[in-house]
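Report on the following structure.
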Amino acid sequence: MVGPLLVVLTLAGGFSFYAQDWIAGAGILCLWVVWALLYKRGSTPVLAVALTYQWVQVTCGIYYYGLTGRRVEAMLASDYRSMVLMGLGCISALLLGLVIGQKLWPSHWNRLTSDERPWLSWRFLLTAYIVTFLLSGFLQEAAWSLPVLTQGILAFNFARLAFLFLLLRRVVSPKFRWEWFAGLVGVETAMGFTGFFADFREPLVLAALTLLEVFDPRSTRHWFRMTGLATTMLVVGVLWTGIKTSFRQDFNTEELSTRSARLERVGSLSTEWLTNDMEQFLTDIDKLVERLWAIYYPALAVARVPDYLPHENGAILWAALRHIVTPRLLFPEKPALPSDSEMVRKYSGVLVASTDQNTTIAFGYAAESYIDFGVPLMFLPSVAYGIFMGVLYRALQSAFRDYELMVALITVVFWLTLYPWERSWVKTLGLTGTLVIYLGGLVFLMDRFLLRERVLSSAQKYLRPRRETALSRRY
């Protein structure tokens, strides 16, 4: 324990020196605590990875400046340091809640079961993935045309990610089959470029989770695979940043009405992007960091609340809870959620893009908590949500008999619900309930069906020799 701690303290001191900001060192210590408390080799590292993504959204601008000397807009036009500290505080509060919640509900999964014979065959997983992949576009469009069923349809659409994760997990361990791994990740990444948003992110993260689950720090091959995937993530992120504006301008035109046409358009834009000079590449990296570092608008709000606008005293969180307990399936007349951009406009004082531009800009749960309660009460909702998610994590582990299905469900659910630092409370809580009820219910039924089939199969194997013995005695 002393050795790793000394390494972490050295890194913290080095980053603090090069970034000329002690917050950089505090961020390194915060990240180390996240992995020390949440990561266990041989199990899914989804909780640690999700909080790491939040950490990146809170701190990446500081480290980018320390490594390159290039400043992004938030450093020049806002008091970013206060918001970074609040963000690290919210991540720490969420971490505390997750640890407490897991202690409150012990799990029966206390050993690895990867050596057991899988309940689902490779053929079934591949078929299910292909079917859900082909249906994903249709389901995405159908979801918004049926408001009463939108949440359920979208949750079912996430089943594709669960099947993809299981396939990736099978090709990574016990033997790494690089052709299958590269093929699945390549197809998903390419298709992710055909959407309006960065839909390639989840497949790449799921690939990283499968590698981290079996990662051995003493293996050169494992380091090579992780480095290759991390490089792919960086290149894909910078490429998308460089072409997305041009791509989105043509997205709703008749020429790009099909996936193949969009993919062709992405190919042509990518070819043009590769001809850019080095300065343009660096500018695109600046834009990527600026997009990831979700600090600017929350920092502007912190500067205005409570000096110009009062705290809401819990009104934002209460409205989110009220929205969650009135599901549209039972209350079809429930009004649609207002755009997150409206809150950003009100509290930051900036006229950001909204639904008119087919996008929204969100503060995130940390900024909403500050506007609601101020410091230090703003950290209590994060602790409470963390406790709930920690209990839910253990409860889902205990509810399933098939280890693979359980790992796939908690990986998809907890990644999608925990990774965005910039998501509002109402959307965070709503997505959590939707995934647990719809996707969790679907996987639970599959688990019970497979358990029944397995019990019947075992019973038949047990009864067959007894029946044959009885017949031999009779004759």
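Computed values, structure above
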| quantity | calculated |
| --- | --- |
| Count of residues meeting criterion [touching a Gly at 6+ places or on another chain (Cβ under 6 Å) and within 30 Å of residue 389 (Cα to Cα)] in region 59-99 | 4 |
| Matching residues in region 212-243 - criterion: being part of a helix (DSSP H, G or I) and without any contact (Cβ under 8 Å) to a residue 24 or more places away in the chain | 220, 222, 223, 224, 226, 227, 228, 230, 231, 234, 235 |
| Matching residues in region 219-249 - criterion: being basic (Lys, Arg) and within 18 Å of residue 287 (Cα to Cα) | 244, 248 |
| Test result for residue 291, part of a helix (DSSP H, G or I), of a type in the set (Lys, Arg), within 28 Å of residue 61 (Cβ to Cβ) and touching a residue at least 12 places away in the same chain (Cβ under 8 Å) | yes |
| Residue match in region 242-252 (condition: within 18 Å of residue 291 (Cα to Cα), exposed (fewer than 12 other Cβ atoms within 10 Å of the Cβ) and more than 23 Å from the chain's Cα centre (by Cα)) | yes |
| Of all residues in region 429-460 being of a type outside the set (Asp, Glu) and touching a Phe, Trp or Tyr at 6+ places or on another chain (Cβ under 6 Å), the one that is modelled with the highest pLDDT | 439 |
| When residues of region 389-419 are limited to those that are under 29 Å from residue 198 (Cα atoms) and of a type outside the set (A, V, I, L, M), the one surrounded by the most Cβ atoms within 10 Å (Cβ to Cβ) | 411 |
| First in region 352-372 and closer than 16 Å to residue 54 by Cα and modelled with pLDDT under 90, second anywhere and among the charged types (D, E, K, R) and not in a helix (DSSP H, G or I), Cβ under 9 Å, 6 or more apart | 362/422; 362/423; 363/422 |
| Yes/no for residue 404 being in contact with a Pro (Cβ under 7 Å, 6 or more places away or on another chain) and either part of a helix (DSSP H, G or I) or at pLDDT 90 or above (or both) | yes |
| Test result for residue 96, of a type outside the set (Asp, Glu), under 30 Å from residue 403 (Cα atoms), surrounded by 19 or more Cβ atoms within 10 Å (Cβ to Cβ) and in contact (Cβ under 8 Å) with a residue 60 or more places away in the chain | no |
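The values are calculated or read from the model by the stated rules, or taken from the named source; none is laboratory data. This one's a predicted model, so the numbers in the text were calculated from it and none came from an experiment. Here the Cβ is made from the backbone with ideal geometry for all residues, glycine too, and neighbour counts use every protein chain on show.
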